[in-house]
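**Student:** Questions regarding the structure given below will be posed in turn.
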Amino acid sequence: MRAGVVLAVGGLCATLTACGGSPPPPPAASAPKPVAAAPAAPAPAAPVPAPAPAGQPGAGPLVATPVVPQAAVSYDSKDRRDPFLPLDITSGAKGLEVATTKLTGIVRSARTTLALVEAQDGVGYILKPGDTLGDGRLVEIGADAVVFTVSARPGTQSNRVVLKLAAN
């Protein structure tokens, strides 16, 4: 079995073959074309088939394909939270305080551990380590407790707040 790749470069054709054997006959010559009065737009490049992995039949030299520049991608939030930014939960002008919340549950799976925290107004939050809740950042989720670091103001020393799971 013989595999070949035909490359068209500026009007010249070249044939590359793999797996040995004799090369295929050259393409038949065509009659000359009349010259047009206005210059024609350049023809788009023919698609180049992807090269076979090394060691596979049909593997040949790698052929560079042109890179088409892409437009920058932006996210249009449409008045929603950007899911690519860290979660920062605050409530009202004063802000939510970790000390006034209670731990209602801990969810464990093979890949992650989540903490279920409820604020005084009854709103629940699902947090993972690194998420912020009001004035604190969740640092650790234990077997029956979670640990937050809380800072009164940026630049001040932070305190640790531990919320334990309530026993019913």
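The values are calculated or read from the model by the stated rules, or taken from the named source; none is laboratory data. Model, not experiment: these values are computed from the prediction. Cβ placement follows ideal geometry from the backbone for every residue including glycine, while neighbour counts extend to all protein chains displayed.
**Student:** Is it true that R160 is exposed (fewer than 12 other Cβ atoms within 10 Å of the Cβ), at pLDDT 90 or above, over 30 Å from V73 (Cβ atoms) and more than 32 Å from the chain's Cα centre (by Cα)?
**Tutor:** Here the answer is yes, as R160 does meet what is asked.
**Student:** Filter the strands (runs of 3 or more DSSP E) completely within segment 103-168 down to those with at least 2 residues that are within 24 Å of L85 (Cβ to Cβ).
**Tutor:** 113-118, 124-127, 136-141, 145-150
**Student:** Quick check on my filter: what residues within segment 119-142 are charged (D, E, K, R) and at pLDDT 90 or above?
**Tutor:** Across segment 119-142, the qualifying residues are K128, D131, R137, E140.
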